[in-house]
Number of protein chains: 2
Amino acid sequence: MRITVLAGGVGAARFLRGLKQAARDAEITVIGNTGDDITLFGLRVCPDLDTVMYTLGGGIDEEQGWGRAGETFSIRAELAAYGASPDWFTLGDRDFATHIRRSQLLAAGQPLSAVTEVLCQRWRPGVRLLPMSDEPVETHVVLADSGEQTVVHFQEWWVRMHAETPAAEIIASGAAEAVPAPGVLEAIADADVVLFPPSNPVVSIGTILAIPGIRAAVAAKTVVGVSPIIGGAPVRGMADACLTAIGVATSAAAVGAHYGSGLIDGWLVDDQDKAAADDPALAGIEVRALPLYMRDLAATTAIARAALDLAAELAPGRA
Amino acid sequence: MRITVLAGGVGAARFLRGLKQAARDAEITVIGNTGDDITLFGLRVCPDLDTVMYTLGGGIDEEQGWGRAGETFSIRAELAAYGASPDWFTLGDRDFATHIRRSQLLAAGQPLSAVTEVLCQRWRPGVRLLPMSDEPVETHVVLADSGEQTVVHFQEWWVRMHAETPAAEIIASGAAEAVPAPGVLEAIADADVVLFPPSNPVVSIGTILAIPGIRAAVAAKTVVGVSPIIGGAPVRGMADACLTAIGVATSAAAVGAHYGSGLIDGWLVDDQDKAAADDPALAGIEVRALPLYMRDLAATTAIARAALDLAAELAPGRA
């Protein structure tokens, strides 16, 4: 069985752990968001790819969900002593090594997809991890509150400003001109099922879908999504701030409707959002309610299994 | 009083500590060797500049004479886990921060001299530290013993091979086409005295002198050198292997004669090498014997003071 997953960071990584349990013999391809990549101190940082890689490879800081376990922060302190900025993006020493190695290989002319493969040779995440594109795409945020219009990198809005200043617009800069990385369209076309984990629908899955060719390829498949919104609030992060920027309500039903029946076939919502099943905005989408908090591996595995079961129901003989 | 010093790494850095004590009101300019610079993991490493900067700025590992005090080695282990090479050049986490910052500024288009100034704003070494050139010069070693002629970077010969394979030739690759960094020729021309600390005469001071214009500028000044050879052996490092490669004997007299009376005016040798004073090869060079081991700051200060005293004697009214 072939499963292809569009992935952001922490939520996707945790979902993938459950998926690996739920489908032990499946070939899983993960198409990772690179829209929140950022160049810091001259080094290329790919937070979502690394979160998936570290989580599935056993190197993640379990408590915070990102970064490396047993991390130290010498370099950060040293760079601050040199007056280097920014100081709001936390990178640990072990994590720095990943960015050093990645930047070295990129500078030597290797595309990000090949570099990611090299890094995964160490971590052996048990999935094939592909960046959505080898070309740099950076999510930028147009701030609503500023007197003059101000555009900041997504990470600055998200990490430094905690998304507290409303976004007037969120732009995947470079996405329209980018092409999917080698293997991405094939992995979607060859998949028995495409899954959307509970990632940010705007700046994670939305950015991946903005790469020309990906949305159409996904739409042609059996797609089941997992709502990142439970009871009107994001389970993690500040997805509400992103949804507001694109005029979508922070509810499981609204996010499902935002994807739409032209894109997704099945939609998993939490038990407390089961009314979504009767929401006319979700007509044409098979909605199932179940406990969606990924409290532990068992709970997460049950969610992944429910997604696969729904896919099998929607496309008998495939998934 | 203006003093300009041509400097390698550990020996020069220790000598400079004594010089700062011996000449508290002097303006000291240090012209640092960059011939053993190397690009590792995509980052530019300048071992000699950093050794001077860390030593005078209070950040050096006192025991080994290079690298940072209180160092950790997470990044090194991580890069090895990623299969990155080489593994024979030890870089600590704190030290990595320096190379990250330097590489970032170089990539942004700043010349090495400007980058060094930025780094020194943190360390405040109490001297003006200039790289010999803003252009990359790399010392390469032609190995004598190999069946086919093999050329390695100086650091590979020095650090990995411990200079055990004889060198047939030592080449300052790029030196002939390089120009002195801004301020270098002025610092020599404006100096009351130019000092050669007990640095490697071949791959440290020799490389600096190989940059077009520097040798002539130095030769026009009152120059006093400190022998790096005591009793027929280098005090530190493997200068004998370098001297052999250029056909110079490992003795205080031979090194003084190698510089020659056309370049240096005074030559400090250790008490055990006092016979050099009568060596005809040193005709035209004023030789003084004194204890030359830099055992502690007091001993080092005495050596620096002796160098300045000799310079004053050789050019009354200047030094």
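The values are calculated or read from the model by the stated rules, or taken from the named source; none is laboratory data. Because the structure is predicted, anything quoted here is derived from the model rather than measured. When we count neighbours, we look across all protein chains shown, and the Cβ atoms used for this are built from the backbone with ideal geometry, even at glycine.
If you go through the range A:1-51 and keep only what is of a type in the set (A, V, I, L, M, F, W, C), under 15 Å from A:Val224 (Cβ atoms) and under 17 Å from the mean Cα position of the chain (by Cα), you end up with A:Ile3, A:Val5, A:Leu6, A:Ala7, A:Ala12, A:Phe15, A:Leu16, A:Leu19, A:Ile28. Filtering the range A:309-318 for residues that are in contact with a helix residue (DSSP H, G or I) (Cβ under 6 Å, 6 or more places away or on another chain) and either modelled with pLDDT of 95 or more or within 23 Å of A:Ile188 (Cβ to Cβ) (or both) leaves an empty set.
Is the range A:107-117 home to any residue that is out of contact with any Asp or Glu (no Cβ under 6 Å at 6 or more places or on another chain) and closer than 27 Å to B:Val118 by Cβ? Yes: the range A:107-117 contains one or more residues that are out of contact with any Asp or Glu (no Cβ under 6 Å at 6 or more places or on another chain) and closer than 27 Å to B:Val118 by Cβ.
Restricting the range A:28-48 to residues that are within 14 Å of chain B (Cβ to nearest Cβ) and part of a loop (DSSP other than H, G, I, E, B) leaves a set whose member that is surrounded by the fewest Cβ atoms within 10 Å (Cβ to Cβ) is A:Gly42. Just one of the listed residues (A:Thr244, A:Thr222, A:Thr207) is in contact with a Lys or Arg (Cβ under 7 Å, 6 or more places away or on another chain), among the β-branched types (Val, Ile, Thr) and either within 21 Å of A:Val5 (Cβ to Cβ) or in contact (Cβ under 8 Å) with a residue 60 or more places away in the chain (or both), namely A:Thr222. The C-beta contact set for the range B:284-309 (first residue closer than 17 Å to B:Arg17 by Cβ and surrounded by 14 or more Cβ atoms within 10 Å (Cβ to Cβ), second residue at pLDDT 95 or above and among the polar types (S, T, N, Q), distance under 8 angstrom, 6+ apart or interchain) comprises B:Leu292/B:Ser227; B:Met294/B:Thr300; B:Thr300/B:Gln21; B:Thr301/B:Gln21; B:Ala304/B:Gln21. How about the range B:90-124: which of its residues are more than 15 Å from B:Phe41 (Cα to Cα), in contact with a Ser or Thr (Cβ under 8 Å, 6 or more places away or on another chain) and facing another protein chain (nearest Cβ under 9 Å)? Hits for the range B:90-124 are B:Arg94, B:Leu119. When A:Asp25 is tested against (1) away from every other protein chain (no Cβ under 14 Å); (2) at positive phi, just one condition goes unmet, and that condition is (2). Among residues of the range A:70-89 being within 17 Å of B:Glu78 (Cβ to Cβ) and either more than 10 Å from chain B (Cβ to nearest Cβ) or in contact (Cβ under 8 Å) with a residue 24 or more places away in the chain (or both), the one that is surrounded by the fewest Cβ atoms within 10 Å (Cβ to Cβ) is A:Gly70.
Say whether the condition of being aliphatic (A, V, I, L, M), outside any helix (DSSP H, G or I) and over 20 Å from the mean Cα position of the chain (by Cα) is met by at least one residue in the range B:263-276. No, that holds for no residue. Scan the range A:1-22 residue by residue and report those that are surrounded by fewer than 22 Cβ atoms within 10 Å (Cβ to Cβ) and part of a loop (DSSP other than H, G, I, E, B). Residue satisfying the conditions is A:Met1 alone.
Taking the criterion of being surrounded by fewer than 20 Cβ atoms within 10 Å (Cβ to Cβ) and touching a Lys or Arg at 6+ places or on another chain (Cβ under 7 Å), the residues of the range B:96-137 that qualify are B:Leu106, B:Gly126.
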